[in-house]
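Below is one structure, written out as structure tokens; comments come after it.
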Amino acid sequence: MRAGSSRVALVLAVLALGACDRDEIVDPDPDVAPGPTSSTLETLLDMGMLSEWTDTAFGGFARAGFTGYVQVVGGAAIGTSRGLIRFAEVDTGGSEVQAFDSARVVMSVDSAFTFLPATGMTILQLVELQQEWDVSATWEFAVDTLGVATPWSGGPGGSLGPTIVSEDTLALIVTDTTTELPDSLVFWLGEAADSLLRLWADSLAVNTGLAVVVADSGQVRLGGTRVLFNTIPVSNPDTAVARSASSTARTFIFDPTGTENIEGILRIGGVEAWRSYVQFVVPDSVPVLGSSELYPLRGSTINTAQLLLISREQLPAPFPAEEPFQTVSYELVDDFLVFGPRTPVGKAVAGSSVVLYPDSLAAGDTLRFDITRLLGTWSRASPDSLPRLRFLIRPSSAAATFGFWEFGAVDGDPAFAPVLRVVFTPPVEFGLP
Amino acid sequence: MSVRHRFALLLAVGCALAPAQAAGQVKLPGVVGLGRPVQPYDARARALGGAAVVLHGGNLSAVNPASLARIHSSGIWLAYQPETRSLKGDAVSGDTETASFPLFRMALPMSPRWVGGAAFGSMLDRNWSVQFTDTLSLTTGDAPFQETRTSDGGVAQFRLESGISVGSGWAVGAAVQYFFGETRIKVTRIFLEDPLLPYVSQTAIRASGWGLTVGAEYQPAEDFIVGLAASWGSDLTFRDDSTGAETKVGLPLGLDVGASMLLGSDVLFAVAAGWENWSSAGADLPDAGVEDAWRVGGGFEVRFVSSGDAWGTFLRLGGSYEKLPFQLEGGSPWERALALGLGADFLGGRGRFDGAVEFGRLGSRDANAVEESFTRYTFSVAVFTN
């Protein structure tokens, strides 16, 4: 044969070997379908079925100053929180000011998170503060940054000075058809305006700012804060120039009484950005529902794996999360029992994002955190590696809500202890003919 | 097709990790045993009911190596075989399509009496696929899923062969065969609603072995040829790539006999019968159930348009009856088929195109709980140097 024929022969030989095509789909009763069979199994592992389980909660990853709002609360049943505001950049237009007048602090009101008592009104006050603070302030400390912790000199919550505006009432606007809150709250500074604004305009003076407090009862969430005022120049005392300045520092501090003890509890969310840390060792073989026989989990395909956190009773106001927020899981690089809240955090666990809906979580209800990818990696790994799974659950946005949510931990009430749910398919044993 | 069965699978029933064909599973042609035997025939032999041992006018099927001795010029040829099947059974039904190249062969005359050759040919077709829907009961509710089980591949043969005319109408031949192939088996389970990750598991099973075929033809007169071929194989070794597990299946002793008669100048009649001692492999395939394979077939060929000996066109009619070796319910199934074929020379007789269509049935609903009707097309083309 010629060389061309040989090449054709080679191509055809390859075709003959490998070009068998198949489009065979038959549709048997699943019970008798031919071929290698597989079984997908489900297991619910409580902590007692695992050789190791540790969990805890850490907070303090965010501060109220990082939020975009100021929450002011007062009243016996709903706790206490105070707004802290400072104006430190008051522009006078470069001319010498004879006097400041008509000054008022204007704060926008977030009606969605403002709750007035049954009377339909809440009285707020502007009060002088006695001590310098910054946006890291908490109920205990005026300054609480890495390496610097300055307690409030007057005790937790700080010492309040003289009242600047004795009262300003936030009240519902009632019309024939609607009942609504005003968009903003206005504190007229009155006679204190001139001295306060001179102080705020002096960059060298000690400026402790103002506190916003609830004088009676209610919860008010405040947004943007500005001071509006008129300046009367020395050069032209007959003319008042309208000016304004935004607050240069703004936060709020709240009394955490009733939430200090986190023993037996996992927390997620809140102003302090609570995170729940979990680490456990999964056995290579597990019992499945309806059977005491052990089935291999390691080496199996993990169809889904979920950490089931059981909701605790709702906290007293104002601490329960006030709106839904998204959570996400991250792998932990090291042991949180050693490194605590500073434990290095790895990558996000793919597909682990869950929205926590406070309104639909009663005590005993379950919130499922997907850790399929994490357990899948464990299942595919060598038995000598990845002996312990470590991850944390945190809100996807720090301090997205004022309140947080609590779940049972392993060292708490067993009725609320976490559970691991896994749906898995062990590998098929392909038989030889 | 497309009748979807839904079946509530009890949670955590025993993890029935089974071999390829577990007890309780429906037995389907091509799935049981080693697969579906495929003969390395060309379209002309197919149209003549599988008469592939001896044929006047050039026997191109890779059955009897002695037939090479009657090929007097270099050539290559190829067969292509698409097939549609309709399966009906108590527990399964469906329509399928498949296609393969059962034969590629070449001949190279070394001398006026000695012809060498090589061929690739099919041996066992292990292509099949089943798909069904089912429902898994979980604590979170029902989780419907679709499962697909596929087997792709088979066992082919490569043969080096030679035929020699030894005089007085006799020709003898021998072929050394290397059997080889890979079957990829895969199970895929996709959950349709629940956000469960799919399950995929697969492996590859390789096969290898050796075989020897010897054959002879005797032509006592111009219009009559008779022949036989005997084949024997070593163990066919199957090895699972993922586990390293290995098993051996003894290849059967095979015997084929056939005859070809010219009934006048334009009519040919050919018959063939074959037997393969597959039951000897029964001990190697304890779960399959194996019986000896038998086949018999024959047919007529009529040349109806021609130009002397230079070229011609042919009409063929044949029938075959064949017992497959691997048992379904109730025993091994019989395949019966009627064949029609056309053939034509081209390139002044240096090329030949043949086509065949077989209408047949495999198994019996009553005896085997499943019956397959099929339409098998075979096309082959051959080109010679002169």
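FYI, it's all coordinate maths here, none of it is from the lab. Just so we're clear, the structure is a prediction, and the values are computed from it rather than from any experiment. We place every Cβ from the backbone using ideal geometry, glycine too, and count neighbours over all the protein chains shown.
A compact table of results
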| quantity | calculated |
| --- | --- |
| Most fluctuating residue given options A:GLU331, A:GLU89, A:GLU260, as computed from a GNM of chain A linking Cα atoms under 10 Å | A:GLU260 |
| Number of partner chain Cβ atoms within 10 Å, mean per residue of B:24-30 | 4 |
| Beta bridge orientation in chain B: antiparallel %, DSSP, nearest 5 | 100 percent |
| FRET efficiency estimate (nearest 0.05) - Cβ-Cβ, B:ASP194 to B:SER279, R0 45 angstrom | 0.40 |
| Tail weight of P(r) past 16 Å, computed on alpha-carbon pairs of region A:31-92, percent | 78 percent |
| Potential extension, A:MET49-A:GLU293 segment - 0.36 nm per residue separation minus Cα distance | 86.5 nm |
| Relative contact order [Cα under 8 Å, 6+ residues apart], region A:81-254, whole percent | 46 percent |
| Centroid-to-centroid separation of region B:40-73 and region A:57-93 [C-alpha atoms, Å] | 96 Å |
| Alpha carbon Rg of region A:280-433, scaled by the compact-globule rule 2.2 N^0.38 Å | 1.18 |
| Cut-off 13 Å (backbone N to label point 7 Å along Cα→Cβ of A:SER108), residues of region A:208-230 | A:222-226 |
| Positive-end extreme of charge dipole, region A:81-254 - chosen from A:GLY154, A:GLN125, A:ALA192 (charges on Cβ) | A:GLY154 |
| Inter-label distance for B:THR313 and B:TRP294, nm, one decimal - labels placed 7 Å from Cα along Cα-to-Cβ | 4.0 nm |
| Shielding of B:359-369 by partner chains, average beta-carbon count, 10 Å | 0 |
| Length added when fully stretched, A:GLU128-A:GLU96, from 0.36 nm per residue minus Cα-Cα | 8.9 nm |
| Mean separation of Cα contacts under 8 Å (6+ apart) over length of chain A, as relative contact order % | 25 percent |
| Highest average packing first - B:56-68, B:360-372, A:341-353, Cβ atoms within 10 Å | B:56-68, B:360-372, A:341-353 |
| Nearest-0.05 FRET efficiency for A:ALA149 and A:SER353, computed from C-beta distance (R0 45 Å) | 0.85 |
| Region B:93-217: radius of gyration and largest Cα-Cα distance (Dmax), Å | 23.7, 82 |
| Pairs of Cα atoms farther than 44 Å apart, the protein assembly as shown, % | 54 percent |
| Set of region A:349-374 residues, backbone N closer than 15 Å to the point 7 Å along the Cα-Cβ line of B:THR139 | A:364-371 |
| Listed pairs A:LYS347/B:LYS186; B:LYS27/B:LYS323; B:LYS27/B:LYS186 exceeding 21 Å between Cα atoms | A:LYS347/B:LYS186 |
| Relative contact order (%) - region B:30-384, alpha-carbon pairs under 8 angstrom, separation at least six | 19 percent |
| Residue with peak Gaussian network fluctuation, chain A [Cα springs, cutoff 10 Å], from A:SER38, A:SER311, A:SER217 | A:SER38 |
| Overall Cα dimensions of region B:30-384, principal axis frame, Å, largest first | 80, 40, 36 |
| Estimated inter-spin distance, B:THR84 and A:MET121, nm [label 7 Å along Cα→Cβ] | 8.8 nm |
| Partner chain coverage, peptide A:38-49 - average Cβ within 10 angstrom | 4 |
| Spherically averaged projected area of chain A from its Cα convex hull (nm²) | 39.3 nm² |
| Segments B:332-338, A:185-191 sorted - mean Cβ within 10 Å per residue, highest first | B:332-338, A:185-191 |
